[in-house]
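Inspection log for the structure reproduced underneath, given as structure tokens.
The values are calculated or read from the model by the stated rules, or taken from the named source; none is laboratory data. Note that this is a predicted model, so its numbers are computed, not measured. With ideal geometry, Cβ positions are generated from the backbone for all residues, glycine too; neighbour counts draw on all protein chains shown.
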Amino acid sequence: MTDDLKTRFTQLVADPPPPSAPPSEAVFARVRKVRRRRAAGVMTLAAACVLAIALALGNVTDIGGAPPVTNTPGAPKTAITGPPTATPKPAPPIKVVLKPTVNGRTVNMTVAVSGKAFIPSGIPEGTLLPDNSFMNLSAGTVYSYGDGYQSGSDGGSISCTTKKLKVGSQTYVIPDPHTFKRPGTYKFTYTIQYCGTKGWFPTTATTRVVVK
């Protein structure tokens, strides 16, 4: 409560000074009227004080200046979440690594194949191929040296079946070395096919060949 409100409240509550002479009936009526107005004023002032105190209490904050915590039923709750995370891509089932060996203008290409694939079936029909060679489980290869020459291998009469999964690896050198006619930088491309859950699938790898 402010000082001004306290002064007004004291003046309204204080009794008037006693009369110096016997009052008349009109004076008594005037005093009664003033007292009624004074009582009404006191009630109004008291209500204003209560309202001011309630407003002041409503503005009280918690420690650190934060608003008071309320547990209102059904109030929405804010969930704190971090940045979205990207789903990692699965590793390819077959990995191919190429390593050229250049001697003058002649290139020998080493191929390293590893991963997992289903063992195809051959003849008689439904019979799985022997799995002692990971390369023999492929449906064939295609490769090119970037100068117009292309070659490859054929896996023969085999079918893709998902009866048995094989995890393996094998490294070999392409049987026929390749000789370039002129120096330069060439792009060697190699593709091999293996049996997967949805049929034959290709895996391609490339490397750069520099001939001086």
Hey, does segment 133-143 have a residue that's closer than 16 Å to Thr206 by Cα and of a type in the set (A, V, I, L, M)?
yes
When you scan segment 178-212, how many residues do you find that are closer than 13 Å to Gly148 by Cα and among the charged types (D, E, K, R)?
3
Unique residue being surrounded by 15 or more Cβ atoms within 10 Å (Cβ to Cβ), at pLDDT 95 or above and over 30 Å from Phe180 (Cβ atoms) when the list is Gly115, Gly122
Gly115
